[in-house]
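Okay, so here's the structure we're looking at.
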Amino acid sequence: MVLFEIPVGVKFIQFFNNSCPGRQYNRHLVCRTSVLILTFLTYACYHASRKPLSVVKSYFGRKCDGLIPPPGTDLNDTTWCDWAPFYGSDGSVLLGVLDSSFLFSYAGAMFVSGFVAERVNLRYFLAVGMISSGIACYLFGIAHRFDIHSLWYYIAVQIFGGIVQTTGWPGVVAVMGNWFGKGNRGLIFGLWNSHTSVGNIMGALVASSLLQTDWALSFMIPGVMIAAMGFINFLFLIDSPESLGFDKPDSIKERHCEASENPIDTKSINSNSGSNKEKAIGIIGALKIPGVIEFSMCLFFSKLVNYTFLYWLPFYINSSSSLSESLSADLSTIFDVGGILGGIFAGAISDYTGMSALTCTIMLILAVPLLFLYNMFGAINIWLNIGMLALAGFFVNGPYALITTAVSADLGTHKTLATNSKALATVTAIIDGTGSLGAAVGPLLAGVVYNYGWENVFYMLMISNVLAFVAVLRLVFKELRITCGSGTSGWTV
């Protein structure tokens, strides 16, 4: 497959502009801006298509009392408003199984996906993945239309969805890494990473607005959205500056200078040593990059917390308050609003200090008392709930956003790789794949622990935050030692 080529839509734009010679513009700036916008919308759609199940959960297990049945309903049927097999005493466990079916398949396939992404055209990779993700989302929705109640059907759809969704993260991070150098990367990626929260908000609002009409549409519409965005990427996404004859970003040049001025034996890390042709790095080589294992384990625990909120927060709000399913879903978006600000803050602080690990640990520790207080007092009134939920989202999402974006990109362009640029997707997949294992464990445990009280779910989340802090403690000491000893900072030194 051709790795660098001009998309069809871009060729059309070029033809149109060539016919208007009076038009002058900075082509490189326009291309970078288009990449920023397209990848932002791309991953927002990925997350929007993951959100419907968390919204529909409370609908599946609701009580029929006080609800008006639709026309033609048998009034002697006392379960017309629920959806088997997710109603009853084991309903929360089965819903947790659905979450984990998606997330475990996502985590396992992520390692393969990163390996593939380094070796194919990223535009095709994302387009096919997004259209397939749309199909998976649509298949879940049509279960309502065809009255499907088989648990194995839903599990199979979730596994398929988890596999194809792995195309998203390594794909968009690799494209962004191809276009953007190291300058202000934390801030740029912090702003850009708000796509996760924007997608969660978008998915929750779409799903909740359609829930009372037809819960099938809560899945079908996000499915159509991500598939359409995949086709737009096929037409317009420029996955690498080389496709249009531009140079690589400055990070590659910087690494070349560093490698020339400070020779490092990269034979054990970069399998491309001694060769003029770049080869994609292997998984073992990527694991040898300093900081990959520590940040992977940190993400395991921090993503466990984040995804437990992603999949269970609407259900928690609904069960701990008098709010309806739709209003609970709408209120849960406040967590993502706080998460947007937390990701931007973490990226900016990391840029300013050069201390990514320390930034993560401070936010992780501050999140612990906030989670405790939210569980204790969040349900007192809606305004207190909103304020505490926004703060929880700020501190929970900040480290998660920083590790999955700027930290992953920095590790994927580490100086020990010399001039090899083909490690971004692999490193990103290793870190996010490990994090996704935690994301799979979290909702599954929540489905079980919930039966013993919500307070125990929050204790689980608080312990996970502490373990995430412990995972990067060695890097924190290294950052402080370097900062105090030489006046410079950053674990990459």
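Tabulated results
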read-out	value
Peptides ranked, highest mean first, by Cβ atoms within 10 Å: ranges 329-341, 127-139	329-341, 127-139
Order of exposure, largest accessible area first, which applies to 395, 146, 219 with probe 1.4 Å	146, 395, 219
FRET efficiency estimate (nearest 0.05) - Cβ-Cβ, residue 459 to residue 384, R0 22 angstrom	0.60
Fully extended contour minus Cα-Cα distance, from residue 120 to residue 146, at 0.36 nm per residue	5.6 nm
Heavy-atom surface of segment 275-379, accessible at 1.4 Å and reported per residue (Å²)	36 Å²
Cβ-Cβ FRET estimate between residue 376 and residue 13, R0 fixed at 41 Å, reported to 0.05	0.15
Segment 324-415, relative contact order in percent, only Cα pairs under 8 angstrom and at least six apart counted	45 percent
Probe 1.4 Å, all protein chains present, accessible-area order of 304, 445, largest first	445, 304
Part-to-part distance (alpha-carbon centres) for segment 95-115 and segment 432-473, which is given in Å	16 Å
Mean Cα-pair separation over length for segment 104-256, i.e. relative contact order, pairs under 8 Å, 6 or more apart, %	40 percent
Heavy-atom SASA rank of 102, 469 (probe 1.4 Å, accessible area, largest first)	469, 102
Nitroxide proxy distance, nm - points 7 Å out along Cα→Cβ at residue 288 and residue 156	4.4 nm
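The values are calculated or read from the model by the stated rules, or taken from the named source; none is laboratory data. Keep in mind it's a predicted model, so treat the numbers as computed, not measured. Neighbour counts run over all protein chains shown; Cβ positions are idealised from the backbone, glycine included. In case anyone asks, the SASA skips ligands and DNA or RNA and just uses the protein heavy atoms, side chains included. Shrake-Rupley method; radii C 1.70, N 1.55, O 1.52, S 1.80 Å.
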